[in-house]
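> My questions will all concern the structure given below.
Each value in this text was obtained by applying a stated rule to the coordinates, not by laboratory testing. On a predicted model such as this, the values are computed, not experimentally measured, just so you know.
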Amino acid sequence: KMNTMQVTYGLVMVMMLFCAYSPAQGAPQDCPGCPVEGDPQDPEIQKYAEQAVDKIENEANCGCAYELVEISHVTTQVVAGELVHLDLVVVHEE
């Protein structure tokens, strides 16, 4: 059975680790492997978005077209390669 001092020490150590490895809100992230905000206007991001819309059209398999309206949010993350997460607004063209 742990006494109160051991529990308090354990909580303090966890808090110290959390603070040491969690960037402050609004601070730049110098964290390898952490997601970072991307620029929706970046030409490479635009290319990825168009490829995503093409994939949506192909998988819909209805012969219809979709148009990219907006890239509303982008994050990138370097893992084993680069992971790009896009939030897109598309419309169905008739």
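> What is the extension gain from Cys62 to Leu83, computed as 0.36 nm multiplied by their sequence separation minus the C-alpha to C-alpha distance, in nm to one decimal?
On the way: separation 21, 0.36 × 21 = 7.56 nm, distance 2.89 nm.
Gain in length upon complete extension: 4.7 nm.
> Same structure, new question: Dividing the alpha-carbon radius of gyration of region 33-94 by 2.2 N^0.38 Å (N being the number of residues), what value is obtained?
1.22
> How high is the relative contact order of region 33-94, in percent, counting Cα pairs under 8 Å that sit 6 or more residues apart? Walk me through the intermediate numbers first.
On the way: 89 pairs, mean separation 23.4, N = 62.
Dividing the mean separation by the residue count of region 33-94 yields 38 percent.
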